[in-house]
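Structure record follows, encoded as structure tokens.
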Amino acid sequence: MAKNNRKYSPKYRIAKYLVLGLAFCFGTICLHKFALGYYFVAIGSLILSIFIPFLFLINFFLGIVESLIYLQKTPDEFVETYIKGRKFFF
């Protein structure tokens, strides 16, 4: 019988791809930060980008970069880094 090396349940695999899609499509408004539970970071970034419109462009590129980083991580690494470890950026 094959041994399963996954530490976390399959719901985290779904969470990883949900956050990846939100970062790619809605990175400008930091929707992926809300999905990860980083409410203070998401609201702060959203408020700042309302008052400083150039930050919308920066948030767009950050969303693309973060989605590529999320894509490269395994579901277990994703959980350890962003859900359990609470790493806000990159």
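The values are calculated or read from the model by the stated rules, or taken from the named source; none is laboratory data. What you are looking at is a predicted structure, and each value in this text was computed from that prediction instead of being measured. In this analysis, Cβ positions are derived from the backbone assuming ideal geometry, glycine residues included, and neighbour counts consider all displayed protein chains.
Restricted to helices (runs of 4 or more DSSP H) entirely inside region 1-84, no element has at least 3 residues that are surrounded by 12 or more Cβ atoms within 10 Å (Cβ to Cβ), under 14 Å from the mean Cα position of the chain (by Cα) and of a type in the set (Asp, Glu). Of everything in region 35-90, what is closer than 14 Å to Lys16 by Cβ and hydrophobic (A, V, I, L, M, F, W, C)? Give them in sequence order. Answer for region 35-90, where residues must be closer than 14 Å to Lys16 by Cβ and hydrophobic (A, V, I, L, M, F, W, C): Ala35, Leu36, Leu68, Ile69, Leu71, Phe78, Val79, Ile83. Contact map, region 9-22: residues that are more than 12 Å from Glu66 (Cα to Cα) paired with residues that are β-branched (Val, Ile, Thr) and not in a helix (DSSP H, G or I), Cβ distance under 6 Å, separation 6+ or inter-chain. No pairs are found. Contact annotation: residue pairs with Cβ atoms under 8 Å, 6 or more positions apart or on different chains, pairing a residue in region 62-90 that is on the phi > 0 side of the Ramachandran plot and at pLDDT below 80 with a partner that is part of a helix (DSSP H, G or I) and surrounded by 13 or more Cβ atoms within 10 Å (Cβ to Cβ), are Phe90/Val65; Phe90/Glu66; Phe90/Ile69.
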